[in-house]
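Below: the structure, in C-alpha cells.
The values are calculated or read from the model by the stated rules, or taken from the named source; none is laboratory data. Keep in mind that what you see is a predicted model, and the values were worked out from it rather than measured. Cβ placement follows ideal geometry from the backbone for every residue including glycine, while neighbour counts extend to all protein chains displayed.
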C-alpha cells in the first residue's frame, strides 16, 4: 500500500517512539525465542530502520513503525517466531529501498530471501487490460507453495494497513477495503486465521459502509446490558453443571462480529433488532491426561444437553473430521431459556489456540520436514492450479477464490478412499478430483449404486463411481455443472484447446474458398462475412466454419452483397429506460474545489478527472437507486462511468482488481429520473391479494410497473415485481405498506448478482 510521503529527518521525539515500539517487540519475542533468533530479529530491525530512515507514512509516523507493527502482529497475534518476525521487519525493504533480494539472502539466508521475494510487489508495467493487483496475488500464492509464512506475513501487513486506513484518501480506502474483503479475508479464513479474518471483515465494512458500520456499533453498545443478562442467564446453569463434574474449563461469550451481523441483516433482509441471537458462546476445556480430548469434549456436550434441548440437525462434529484448514470443535445448537436457539462451540485449549492462529499454530521452525497433512494437501492443490495454463490473472484469481469460503463434504471412491470437496460439489467435480482425464471422459456417475447425471450434487458420505467413455467430448454446459476451481480450469483448458483447433481448421477452410475465387481475406471482407453470418468476431466465424455450423456453400452471394456493418456492443451494462440520457456538461474548470465534479446526473463524482463530461450507466447487475451506497467504475476503454452498489459483488471484485478505475460517488436529490428496482413478495394466498398489491403500487408512487408475476401453490403465493422508483426512501415506504396488506408475509428487494 502506498503510504509514504517525502523523506524528512527523524526528530528526537520520533526516535524515542521508534525505540519504545522496538522494545515492545523484543520483550514479546523474548518470551518464546532463544538468543540466536533474538539476534536475527535485532539485525533485521537495524537494517530496516537504516533503509527506511527519514521516510514517513501518510499518517505522519516514521515508516519503520509499520514493519514493527507487522512484526508484532506476526509474533503476538499469530504466534510465528524468529525468521517470520525478521521477514516482517524486512518486508518492504526490497520494494521501497535500493536493497535487493540478493542482498537479503547474503545477510539473512535463503529462506528469509524467499519470503521477502514473495512479499515484494511486481514492479513491471503490465498491459492496461490486465490487473496489477491480480498479478500480485498470483505471485504471493506461487511463493506460498514454498513457504506458507509468506501469506501469513502478508495478511499481517494487510491487517496493519487496514488498522491505519484513516490516513488514506477516500478513493484509496474504497480500493483497499474492497480487495481486502474480496481476497485477503477469505484467504485468512481458509488458513484458519479466524481472528485476523474477523477483524479484516469488520474494518472493510467500516470503510465500505461507514454509516451502517457505525449504526451497528451504536446498537451493540445500546444493548450491552441486555446481552450481559442474557449471557448470565444462559451460562449460570452450565457453570454449575461443569463444576459439579470437576471439569476444568472457561467460557467465552461475546457478540457476533459487526460484519457477521451486517451479513445476517443483508441475507435475511431484517433489522438489527430482528436478529434472534447475537451471541457466540464457546466452552473451552483444559483436558486431563487420563482421557482423549475428543471424549472429554463429548462429555461436555452430554452435560450441556442435560440442561438444554439440542437441535439434532444442527450438530457439527469437527473433532472427528477436522476442516481442511485444521479447525477442530464440536458445535451444538440448543434452545435457550428465553426461547432462542443458541449455538455453543465446545473445544479443548489446544483446539482453541489452533482456531485463533490456524496453520500458523502448526508451523514448526525447528524441523521444516515436519508439515501438517491437511496443509500439504491444500498447498498441493494450489500448486496444481498454479501450474495449469492460466494467462489471465483475473480468471485465475476468480477460480482460486471460488472455493475459499466453501463448506466441505467427505465422499468416498468405490474402494473406500476419502475425497474432500466443497459443499454443493457435483459428480463432475468428483471426476476431476480423481484425475483430469477421468473428468474429460466422464459420461455419468453412480452415487450409492444409483445412476445419476454429471450435474448431480453429491452429499456428505456418498460413495461415488464415475462412468467414462473414450468417445466422450467435453461440452460447454459442463462449466455450469462444475463447482470446484480444479474442474472449471480443466474444462476451460480443454474447451480452449478444442476451440483453437476449430479456429485453425475454419480459417484454413475459408482461405481455401477465397483462394479459389482469387480473393484475399482482408479486414473489409472478413467484416462483411461477420455481419452476414451474424457472429461477433472473426474467431467465432472461423470456429463455426471449422465445426460445420456455418457452411460456405453460399459464400459467393455473401461476397457480392453490400451489407452494412452491424454495431457490436461490447459493454453489457445499460441505463434504465427513463434514465437513459446523456449527461449535460456542467463542470466549472475554474472551480476552487478541483476534486469534485457536479454533473447534472443522479450522482456526484468526487475525484479529479481530466474530462469535463463523462457519460454514466446504472449497473444492470445490482440496479442501484438513489439512497443506496454506490461507487463508480470508470471503464478505461470507453470512459463510461458505471454506477454500482457498494456491496455489489461485481463492484467488490472491481475494487480489488482494478482499484485505479474506482471513482467515489454519491447520489444527489433527484426526482425526475426513475430507476429499476425488483421486489420479491411471499404470503398466504387469498382472492384479490395481487390486485391489492398492484393498486397500492399505483396509488403510492404512481410508479410504472415493468414486469409482474404471481404464482400460487398449496395456499402460498410468491410474487415478483419490477418497477421504477425515484430513490431508496420511496422504495422502503412502499415495501412497508405492501407488508401491511392482509396475507403478505414478507417483501424483499433483491438483485440479480
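Looking at 542, 504, which is the one that is buried (at least 18 other Cβ atoms within 10 Å of the Cβ) and within 30 Å of residue 442 (Cα to Cα)?
Values: 504 fails: buried (at least 18 other Cβ atoms within 10 Å of the Cβ).
Every option except 542 fails the conditions.
Given the condition surrounded by 19 or more Cβ atoms within 10 Å (Cβ to Cβ), at pLDDT 90 or above and in contact with a strand residue (DSSP E or B) (Cβ under 8 Å, 6 or more places away or on another chain), answer yes or no: does some residue in the stretch 354-363 qualify?
no
Somewhere in the stretch 496-519, is a residue within 18 Å of residue 438 (Cα to Cα) and out of contact with any strand residue (DSSP E or B) (no Cβ under 7 Å at 6 or more places or on another chain)?
Checking the stretch 496-519: at least one residue is within 18 Å of residue 438 (Cα to Cα) and out of contact with any strand residue (DSSP E or B) (no Cβ under 7 Å at 6 or more places or on another chain).
This table checks each residue for (1) in contact with a helix residue (DSSP H, G or I) (Cβ under 8 Å, 6 or more places away or on another chain); (2) under 25 Å from residue 181 (Cβ atoms); (3) at pLDDT 90 or above; (4) surrounded by fewer than 16 Cβ atoms within 10 Å (Cβ to Cβ).
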site	(1), (2), (3), (4)
325	yes, yes, no, no
332	yes, no, yes, no
375	yes, yes, no, no
379	yes, yes, no, no
407	no, yes, no, yes
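Looking only at residues that are surrounded by fewer than 16 Cβ atoms within 10 Å (Cβ to Cβ) and in contact with a strand residue (DSSP E or B) (Cβ under 8 Å, 6 or more places away or on another chain) in the stretch 713-728, which one is farthest from residue 268 (Cα to Cα)? Don't jump to the end; show me each part of the working.
Of the residues in the stretch 713-728, the ones surrounded by fewer than 16 Cβ atoms within 10 Å (Cβ to Cβ) are 713-716, 718, 720, 722.
Now narrow it down to the ones that are in contact with a strand residue (DSSP E or B) (Cβ under 8 Å, 6 or more places away or on another chain): 715-716, 718, 720, 722.
Numbers: 715: 23, 716: 19, 718: 17, 720: 17, 722: 20 Å.
Only one residue fits best here, namely 715.
Taking residue 259 and the conditions (1) under 30 Å from residue 739 (Cα atoms); (2) in contact with a strand residue (DSSP E or B) (Cβ under 6 Å, 6 or more places away or on another chain), which numbered condition does it fall short on, given that it satisfies the others?
Status for residue 259: all satisfied but (2).
Go through the stretch 274-287 and count every residue that is within 20 Å of residue 232 (Cα to Cα) and free of Cβ contacts under 8 Å to residues at least 60 places away in the same chain.
Summing the residues that are within 20 Å of residue 232 (Cα to Cα) and free of Cβ contacts under 8 Å to residues at least 60 places away in the same chain in the stretch 274-287 gives 2.
Of the residues 260, 276, 321, only one is closer than 26 Å to residue 199 by Cβ and either under 26 Å from the mean Cα position of the chain (by Cα) or at pLDDT 90 or above (or both); which?
Numbers: 276 fails: either under 26 Å from the mean Cα position of the chain (by Cα) or at pLDDT 90 or above (or both); 321 fails: closer than 26 Å to residue 199 by Cβ.
Criteria check complete, one pass: 260.
Would you pick out the residues in the stretch 200-222 that are crowded, with 20+ Cβ neighbours inside 10 Å and either free of Cβ contacts under 8 Å to residues at least 24 places away in the same chain or closer than 26 Å to residue 350 by Cβ (or both)?
Across the stretch 200-222, the qualifying residues are 200, 201.
Look through the stretch 73-96, keep the residues that are surrounded by fewer than 20 Cβ atoms within 10 Å (Cβ to Cβ) and free of Cβ contacts under 8 Å to residues at least 60 places away in the same chain, and return whichever of them is nearest to residue 32 (Cα to Cα).
76
Among the residues of the stretch 264-288, which ones are assigned to a helix (DSSP H, G or I) and either surrounded by 15 or more Cβ atoms within 10 Å (Cβ to Cβ) or outside the structural domain of residue 320 (by TED's automatic domain parsing) (or both)? Before you say what the answer is, go through the steps one by one.
First, pick out the residues of the stretch 264-288 that are assigned to a helix (DSSP H, G or I): 264-268, 272-274.
Passing the criteria: 264, 265, 272.
So which of 424, 403, 440 is modelled with pLDDT under 80 and either farther than 23 Å from residue 179 by Cβ or touching a helix residue (DSSP H, G or I) at 6+ places or on another chain (Cβ under 7 Å) (or both)? Working first, answer last.
On the way: 424 fails: modelled with pLDDT under 80; 440 fails: modelled with pLDDT under 80.
Exactly one residue qualifies, and that residue is 403.
Of 229, 254, 241, 291, which residue is without any contact (Cβ under 8 Å) to a residue 60 or more places away in the chain and assigned to a helix (DSSP H, G or I)? Lay out the reasoning, then the answer.
Numbers: 254 fails: assigned to a helix (DSSP H, G or I); 241 fails: without any contact (Cβ under 8 Å) to a residue 60 or more places away in the chain; 291 fails: assigned to a helix (DSSP H, G or I).
Sole residue among the options that is without any contact (Cβ under 8 Å) to a residue 60 or more places away in the chain and assigned to a helix (DSSP H, G or I): 229.
State whether the residues of the stretch 33-51 include one that is surrounded by fewer than 19 Cβ atoms within 10 Å (Cβ to Cβ), in contact (Cβ under 8 Å) with a residue 40 or more places away in the chain, assigned by TED's automatic domain parsing to the domain that holds residue 80 and on the phi > 0 side of the Ramachandran plot.
no
When you check residue 500 against the structure, is it assigned to a helix (DSSP H, G or I), closer than 25 Å to residue 549 by Cβ and without any contact (Cβ under 8 Å) to a residue 24 or more places away in the chain, yes or no? Step through it out loud before you land on a result.
Values: assigned to a helix (DSSP H, G or I): yes; closer than 25 Å to residue 549 by Cβ: yes; without any contact (Cβ under 8 Å) to a residue 24 or more places away in the chain: yes.
Taking the combined requirement at face value, the residue satisfies it.
Condition first: exposed (fewer than 14 other Cβ atoms within 10 Å of the Cβ) and modelled with pLDDT of 80 or more. Can you find one or more residues in the stretch 689-703 that meet it?
Yes; the residues of the stretch 689-703 include at least one that is exposed (fewer than 14 other Cβ atoms within 10 Å of the Cβ) and modelled with pLDDT of 80 or more.
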